[in-house]
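All of the numbers you see were taken from the coordinates with simple rules; none came from a lab. No experiment lies behind these values; they were computed from the predicted model shown. Glycine also receives a Cβ, built like all others from the backbone with ideal geometry; neighbour counts cover every protein chain displayed.
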């Protein structure tokens, strides 16, 4: 699958087959994430691969009860917890270059995009889960000090391919001056 096909055919998957993800595929997906660009190449993004059903259930419990990804988080054979080291990206000389010093979110998003496109190219499905209690998830995972949760990503073989959602045309998104 070429890059443009991966970009235009990737969908959020919330239902997964009861089928394991091989370690070789998991490594390829994580390797793709590792190669994402980051601010001054600080590489603040970290990944916790969770396959233990009990630990996955504890992480799913940090999701909002209304979150449609809860079921997928339990069904997926792998749940990747994406976190980031704070105080690196967007900082110069110890001073934040943005009001909140949250450039790590941008770096993590770049890595997650690589991860999700690589997973899709390999036939795997993912969904971005942001509606969860990040401090509670960090506590479940016992993240080190200075590292915060960014998102959870169920990863597995799609039960079915979701439909293509409508996209706005370029003329509604792009300005030319």
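Listing for the model above:
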item	result
Scaled radius of gyration (Cα, divided by 2.2 N^0.38 Å) that the chain gives	1.07
Helix-only [θ]222 nm of the chain, DSSP H runs n ≥ 4, -39500 (n - 2.57) each, per residue, nearest 500	-9500 deg cm²/dmol
Gain in span if fully extended, residue 139 to residue 66, counting 0.36 nm per residue against the direct Cα distance	24.1 nm
Contact order relative to length of the range 113-177, as percent, for alpha carbon pairs under 8 angstrom and 6 or more apart	34
Residue 54-residue 171 FRET efficiency (beta carbon distance; Förster radius 30 Å; 0.05 resolution)	0.05
